1. Out of curiosity, is residue B:85 surrounded by fewer than 16 Cβ atoms within 10 Å (Cβ to Cβ) and among the polar types (S, T, N, Q)?
2. Based on what the data block shows, is residue B:12 hydroxyl-bearing (Ser, Thr, Tyr), open to solvent by 50 Å² or more (accessible area, probe 1.4 Å) and assigned to a loop (DSSP other than H, G, I, E, B)?
3. Can you find, within segment B:88-107, the residue that is nearest to residue B:47 (Cα to Cα) among those that are open to solvent by 30 Å² or more (accessible area, probe 1.4 Å) and facing chain A (nearest Cβ under 7 Å)?
4. Can you spot a residue in segment A:49-64 that is part of a strand (DSSP E or B), in contact (Cβ under 8 Å) with a residue 24 or more places away in the chain, within 14 Å of chain B (Cβ to nearest Cβ) and not basic (Lys, Arg)?
5. Starting from segment A:77-100, keep only residues that are charged (D, E, K, R), then list their pairs with residues that are modelled with pLDDT of 95 or more and assigned to a strand (DSSP E or B) whose Cβ atoms are within a distance under 6 Å, requiring at least 6 positions of separation or different chains.
6. For segment A:1-48, give me each residue that is polar (S, T, N, Q), in a loop (DSSP other than H, G, I, E, B) and within 28 Å of residue B:102 (Cβ to Cβ).
7. Starting from residues that are touching a residue at least 12 places away in the same chain (Cβ under 8 Å) and facing chain A (nearest Cβ under 10 Å), keep the ones in segment B:54-87 and report whichever is farthest from the chain's Cα centre (by Cα).
8. Only one residue in A:56, A:105 is within 23 Å of residue B:36 (Cβ to Cβ) and open to solvent by less than 30 Å² (accessible area, probe 1.4 Å), so which one is that?
Amino acid sequence: QVQLVQSGAEVKKPGASVKVSCKASGYTFTGFYIHWVRQAPGQGLEWMGRIYPNSGDTNYALRFQGRVTVTRDTSISTAYMELNRLTSDDTAVYYCARGDLADWGQGTLVTVSS
Amino acid sequence: DIQMTQSPSAMSASVGDRVTITCRASQGIGNYLAWFQQKPGKVPKRLIYPSSSLQSGVPSRFSGSGSGTEFTLTISSLQPEDFASYYCLQYNNYPQSFGQGTKVEIK
């Protein structure tokens, strides 16, 4: 079955960067987009960006452009989301999701605190 | 970017009630809309994709309708396990965008 397993919780200081991984299994990794969605505490879902693993093509939400980078390593079926210049507003659970968003990772809590 | 306006943002309802949630797009998106349910501390679950197609395993009391700019999610008879937050998502254009969410609470 399809599984997306994300890396563990992170605590970062303001100004730092974080890189979250999403390891896929149970399907052909290169055949489906991987999306990144975040959710701040008590808030709604926010789409951040996506990558097509076969080509490496990416799209990003305007508000994150210049600050987020989504990459992939097809040899290990893993996608990555790196967010730079963190502020307390970036404290959130970050999710990866496959293709048509039927399958999601378990989420990674990123806490930004001095 | 396409803005998705979801209403209401919260509502109280009783078991057995009919519940309707609306999502409006700032421009036409065809039927490229999905609905998700999220319970506290859990991963979002896709219910409907595209606008009126029920995901396999989702109870038939859930239904979706609409196209263009206006969409609805209807729960025909609210059950205790349906108390949750619901989100629409447009995927016609990139960047994709979610509605702000609707929290359905017990009256």
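The values are calculated or read from the model by the stated rules, or taken from the named source; none is laboratory data. These numbers come from a predicted model, not from an experiment. Please note: Cβ atoms are built from the backbone with ideal geometry, for glycine as well, and neighbour counts cover all protein chains shown. All accessible areas refer to the heavy atoms of the entire protein, side chains included, with ligands and DNA or RNA removed. Shrake-Rupley method; radii C 1.70, N 1.55, O 1.52, S 1.80 Å.
1. On the way: surrounded by fewer than 16 Cβ atoms within 10 Å (Cβ to Cβ): no; among the polar types (S, T, N, Q): yes.
In short, no.
2. Numbers: hydroxyl-bearing (Ser, Thr, Tyr): yes; open to solvent by 50 Å² or more (accessible area, probe 1.4 Å): yes; assigned to a loop (DSSP other than H, G, I, E, B): no.
Considered against the rule, which asks whether it is hydroxyl-bearing (Ser, Thr, Tyr), open to solvent by 50 Å² or more (accessible area, probe 1.4 Å) and assigned to a loop (DSSP other than H, G, I, E, B), residue B:12 comes out as no.
3. That would be B:100.
4. Going residue by residue through segment A:49-64, those that are part of a strand (DSSP E or B) are A:49-52, A:57-60.
From what is left, the residues that are in contact (Cβ under 8 Å) with a residue 24 or more places away in the chain are A:49, A:51.
When the remaining residues are screened for being within 14 Å of chain B (Cβ to nearest Cβ), the result is A:49, A:51.
With not basic (Lys, Arg) added as a condition, the list becomes A:49, A:51.
Yes, segment A:49-64 contains a residue that is part of a strand (DSSP E or B), in contact (Cβ under 8 Å) with a residue 24 or more places away in the chain, within 14 Å of chain B (Cβ to nearest Cβ) and not basic (Lys, Arg).
5. A:82/A:19; A:82/A:69; A:90/A:112
6. Restricting attention to segment A:1-48, the residues satisfying the condition of being polar (S, T, N, Q) are A:1, A:3, A:6-7, A:17, A:21, A:25, A:28, A:30, A:39, A:43.
Those still in the list that are in a loop (DSSP other than H, G, I, E, B) too: A:1, A:7, A:17, A:28, A:43.
Residue satisfying the conditions is A:43 alone.
7. B:85
8. On the way: A:56 fails: within 23 Å of residue B:36 (Cβ to Cβ).
Exactly one residue qualifies, and that residue is A:105.
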